[in-house]
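A single structure is presented below for examination.
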DNA sequence: TCACTGTTGAGACGGTATTATCATTTTGGT
DNA sequence: ACCAAAATGATAATACCGTCTCAACAGTGA
């Protein structure tokens with residue numbers, strides 16, 4: 001009725017832990033297949049979904065992109081989306097002055113910032 | 001072979017011009033039907049697409065949302081997404097310090113900022 | 001090791017957003 | 001007003017994601 005420690009889940013967890021950046025389901029699949037060759041996409045979706053519900057994973061939505069997943073509990077941060085390789089990277093820090101952009105009467109609850117460009121690997 | 005001035009296109013243009021905020025295809029349909037009752041969704045998609053290609057419209061992508069469309073040529077700005085009514089509003093201004101978030105070796109080309117909360121109408 | 005039951009993989013299925021098709025209507029120029 | 005071509009609307013067809021189904025498999029406690 002609950003969680004078993006399977007080869008597939010170990011592989012998926014390892015993929016996410018090793019990446020150090022948010023991964024899409026497809027990226028998870030490709031990476032985790034190294035530790036669990038026959039791994040299927042349904043298992044990836046199932047596992048990601050259950051971990052998100054359990055709170056151990058956080059879904060990251062970017063404009064026009066399939067969701068990525070990263071470990072929960074990191075401190076507030078934003079993301080960089082490489083236009084060349086399509087990978088998403090974590091950034092540190094947060095811009096100032098967001099509150100002042102909010103129109104009068106509007107209540108600000110949260111925000112997202114996404115930077116676009118080329119990652120170090122693709123820029124060279 | 002090209003553009004005719006039809007009742008449908010006038011209605012779609014009016015919907016966008018009057019809104020003063022980015023509209024989704026569905027919002028365009030509903031609004032434009034006031035000026036063109038039988039308007040079909042296919043015409044909306046066709047028209048939006050051709051205007052985007054022609055450069056008169058800009059597609060606005062927000063995380064996890066269907067695209068919205070706004071007139072091209074406005075000055076650089078960002079958007080506010082109301083969690084209650086799901087409408088998207090234009091903001092003025094732009095936060096500082098984005099460049100400093102960029103990791104070494106990465107080249108920054110553009111950015112997006114989305115604020116979330118309640119619009120004035122929904123907050124009251 | 002055995003048995004029970006959660007888990008998996010492959011493919012079917014469903015939901016949604018967008019595009020293609022095509023018969024009919026509308027527009028713009030003459 | 002007439003006509004050729006563009007535009008439209010209804011609906012079918014795609015495309016994309018993610019979930020469900022189910023037979024076979026594998027993890028766990030006894």
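Please treat every number below as a calculation from the coordinates, not as lab data. These numbers were taken from a predicted model, which means no experiment stands behind them. Using ideal geometry, Cβ is built from the backbone for each residue, glycine included, and neighbour counts are taken over all protein chains shown.
What do the square roots of 5 times the Cα gyration tensor eigenvalues come to for the protein assembly as shown, in whole Å, largest first, as semi-axes of the equivalent ellipsoid?
For the protein assembly as shown, the semi-axes come out at 37, 23, 19 Å.
Consider the operator that turns chain B into chain A: which B residue has a Cβ nearest its axis, and what is that gap in Å?
Axis-proximal residue of B, distance in whole Å: B:95, 2.
If r is the Cβ-Cβ distance from residue B:41 to residue B:122 and R0 is 25 Å, what FRET efficiency results, to the nearest 0.05?
According to the calculation, E is roughly 0.40.
Which whole number of Å³ per residue matches the convex hull of the alpha-carbon atoms in chain B? Let's see the in-between values first.
Numbers: hull volume 17.6 nm³, N = 124.
Looking at chain B, the number lands at 142 Å³ per residue.
For the protein assembly as shown, what is the calculated [θ] at 222 nm in deg cm²/dmol (nearest 500), taking -39500 (n - 2.57) for each run of four or more DSSP H residues and dividing by its residue count?
The per-residue figure over the protein assembly as shown is -9000 deg cm²/dmol.
Oh, and also: Using alpha-carbon positions, what is the distance between the centroids of region A:56-87 and region B:49-64, in Å?
23
Using only Cα atoms, tell me the angle between helix A:41-54 and the longest principal axis of chain A; keep it within 0 to 90° and round to the nearest 10.
Once rounded, the angle reads 60 degrees.
Using only Cα atoms, tell me the angle between helix A:7-19 and the longest principal axis of chain A; keep it within 0 to 90° and round to the nearest 10.
30
Who wins for biggest fluctuation among B:40, B:56, B:64 in a Gaussian network model of chain B, springs between alpha carbons below 10 Å?
Sorting by GNM fluctuation, first place goes to B:64.
OK, next. Taking the alpha-carbon set of region B:66-124, what are its Rg and Dmax in Å?
Reported Rg and Dmax, both Å: 14.3, 46.
Can you list the copy-to-copy distances for residue B:85, using a point 7 angstrom from Cα toward Cβ, in nanometres, shortest first?
Taking the point 7 Å beyond Cα along Cα→Cβ, the inter-copy spacings are 4.4 nm.
Build a GNM of chain A with springs between Cα atoms under 10 Å: which of A:96, A:112, A:53 gets the top mean-square fluctuation?
With Cα springs under 10 Å in chain A, the top fluctuation among A:96, A:112, A:53 is at A:96.
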